[in-house]
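As structure tokens, the structure follows; a few thoughts come after it.
The values are calculated or read from the model by the stated rules, or taken from the named source; none is laboratory data. Keep in mind that what you see is a predicted model, and the values were worked out from it rather than measured. As a convention, Cβ positions derive from the backbone with ideal geometry for all residues, glycine included, and neighbour counts pool all protein chains shown. These area figures cover heavy atoms from the full protein model, side chains too; ligands, DNA and RNA do not enter into them. Shrake-Rupley method; radii C 1.70, N 1.55, O 1.52, S 1.80 Å.
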Amino acid sequence: QGVPKPFTEVIKANIGDAHAMGQKPITFLRQVTALCLYPELLASPNIPEDAKARARRLLAACGGQSAGAYSTSPGIELVRGHVAKFIERRDGIAAKAQDIFLSTGASDAIVSILKLLVAGEGRTRTGVLVPIPQYPLYSAAIAELSAVQLNYYLAEDKCWALDVTELRRAVTEGRRHCCPRVLCIINPGNPTGQVQSRQCIEDVIKFAYEEKLFLMADEVYQDNIYAEGSAFHSFKKVLFEMGSPYSEGVELASFHSISKGFMGECGFRGGYVEVVNMDPEVHQQLSKLVSVRLCPPVPGQILLDAVVDPPQPGEPSYELFMAEKKEVLSNLAHKARLTQEIFNRTPGISCNPVQGAMSAGGGAGGAEPSPMLQEQGQAPDMFFCMKLLEETGICVVPGSGFGQQEGTFHFRMTILPPTEKLKILLEKLSSFYTKFVKEFS
């Protein structure tokens with residue numbers, strides 16, 4: 001509306017959209033997708049032969065050799081087979097293409113599995129355990145399906161660790177008014193950025209087995225591990241390495257996506273779910289359920305194929321692919337450290353190490369908001385985020401959007417802006433916080 005502002009641009013650190021924040025696409029992924037969408041490019045001498053060979057195989061697997069044709073509902077068979085091989089390489093454990101369902105991003109697969117598991121009425125209604133803070137997809141889907149959300153709180157003072165004692169509390173309380181059936185885990189964490197230890201994953205699997213809970217493992221940030229000493233362990237790998245009775249007795253659905261990692265291809269909407277130990281009759285119902293959607297977007301399936309079956313040593317695209325992948329991940333690791341350092345230098349803000357994922361949560365815990373702040377008619381964290389936006393042009397998300405322990409206040413921001421812009425953002429945010437506390441505490 002032409003009102004002067006004390007900033008020249010809005011820096012959006014509120015959503016995990018890497019390309020919107022300036023990350024460059026990985027060349028090989030886009031070449032394969034472009035060739036499939038416009039096959040005339042197969043005659044171009046500027047595109048490597050391995051990308052062309054990949055595009056030809058994918059087009060041969062499409063109806064009418066066109067990316068514009070429907071695929072089968074669970075996804076192109078060739079791509080599902082490549083996803084299975086990717087999981088086998090990652091975990092050292094066999095995977096079957098028929099247990100893999102391609103999806104419109106991981107979000108669509110998560111909603112499909114929840115739909116499958118929600119049943120009953122009143123005290124028999126399905127209860128779904130979700131971590132707090134959580135990614136709001138879960139609370140929204142649970143509300144839409146009229147399931148019961150059962151919160152378990154991650155321990156902020158222990159780097160957002162998951163404690164089985166807290167899971168037990170949530171299940172026990174939940175059983176008073178619903179039937180807990182599902183346990184959702186986000187690892188690496190969103191919005192918290194923690195990476196679960198192998199021991200923690202084992203404890204969660206034992207708990208799920210004892211309580212007969214279906215495990216949903218949201219592992220979309222598995223490529224985004226930054227902290228020294230942190231490593232990604234898939235729930236499937238740990239489950240099978242634990243052996244009997246867990247490896248046969250725990251039902252698991254694990255999710256991955258092309259939207260995060262080093263790819264950041266959010267707009268293509270590609271992802272998958274692998275189901276493990278699912279009852280054959282339920283498996284059949286899942287097949288029926290996904291068929292209602294006809295099929296996931298074929299360009300997203302094509303791009304997913306290039307992610308799970310990347311160029312190999314000796315192939316023309318290998319060196320550039322590896323260099324681009326390494327650059328993206330090392331930049332994110334640097335920005336994760338930078339964010340933690342600058343926030344923790346600011347009196348009043350605490351930020352746990354960003355071990356993984358793409359976001360950081362700053363917190364100011366314990367203090368009661370002053371009467372002056374309470375008069376603003378907004379939650380304190382929402383008021384903080386709106387003032388920050390109006391005065392600095394920095395857009396972050398209030399912690400109440402993800403859930404938080406009562407009496408604590410947070411904001412969540414992504415670490416995706418370019419490094420120079422991120423430095424400016426962090427310094428501005430730090431100065432603003434100091435000024436805000438003086439004014440309102």
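Using a probe radius of 1.4 angstrom, the carbon and sulfur fraction of the accessible surface of segment 190-340 is 51%. For the listed residue pairs 288/325; 206/325; 260/423; 24/237; 158/335, the alpha carbons are over 30 angstrom apart in 288/325; 206/325; 24/237. Which one of 431, 31, 225 is farthest out on the positive end of the charge dipole of the chain, using unit charges on Cβ (Lys, Arg +1; Asp, Glu -1) and the Cα centre as origin? In the chain, that residue is 31. Charge tally for residue 5 (other residues, Cβ to Cβ under 11 Å; Lys, Arg +1; Asp, Glu -1): -3.
If you take all other residues with their beta carbon under 14 Å from the beta carbon of residue 49, and give Lys and Arg +1 and Asp and Glu -1, the sum is +2.
Relative to a virtual label point 7 Å from the Cα of residue 173 in the Cα→beta-carbon direction, which members of segment 112-146 show backbone nitrogen distances below 16 Å? What the label zone holds, given the 16 Å backbone N cut-off, is 127-134. Remark: the chain carries a charge dipole of roughly 360 debye about the Cα centre, counting +1 on each Lys and Arg Cβ and -1 on each Asp and Glu Cβ. Give the shape of segment 90-175 as rounded, prolate or oblate, defined through the alpha-carbon gyration tensor: a ≥ b ≥ c are the square roots of its eigenvalues, a/c under 1.5 means rounded, and otherwise the shape is prolate if a/b is larger than b/c and oblate if not. Oblate, because a/c is 1.5 or more while a/b does not exceed b/c. Within the chain, what's the longest stretch lacking trypsin sites (Lys or Arg not before Pro) that sit in DSSP loops with no more than 12 other Cβ atoms inside 10 Å? Excluding the exposed sites themselves, the longest stretch runs over 1-175.
Nearest 20 debye, what's the magnitude of the dipole of segment 150-225 about its Cα centre given +1 on Lys and Arg Cβ and -1 on Asp and Glu Cβ?
380 debye
Taking a ≥ b ≥ c as the square roots of the eigenvalues of the Cα gyration tensor of segment 60-308, is the shape rounded (a/c under 1.5), prolate (a/b larger than b/c) or oblate? Display every interim value, and only then the final one.
Working: a/c = 1.67, a/b = 1.36, b/c = 1.23.
Prolate, because a/c is 1.5 or more and a/b exceeds b/c.
The sum of -39500 (n - 2.57) across all DSSP H runs of n ≥ 4, divided by the residue count of the chain, sets its helix-only mean residue ellipticity at 222 nm to -13000 deg cm²/dmol.
Note that segment 204-349 presents 41 Å² accessible area per residue, ligands and nucleic acids not counted, probe 1.4 Å. Taking label positions 7 Å along the Cα-Cβ direction at both residue 85 and residue 341, the computed distance is 4.2 nm, reported to one decimal.
Our summary gives the chain a relative contact order of 23 percent, counting only alpha carbon pairs under 8 angstrom and 6 or more residues apart.
Modelled label positions at residue 330 and residue 19, each set 7 Å beyond Cα in the direction of Cβ, lie 2.5 nm from each other.
Restricting the GluC sites (Glu not before Pro) of segment 222-301 to loop positions (DSSP other than H, G, I, E, B) with no more than 13 neighbouring Cβ atoms within 10 Å leaves 228. Basic side chains Lys and Arg get +1 at the Cβ, acidic Asp and Glu get -1 at the Cβ, and with that the dipole of segment 60-308 about its Cα centre reaches some 420 debye.
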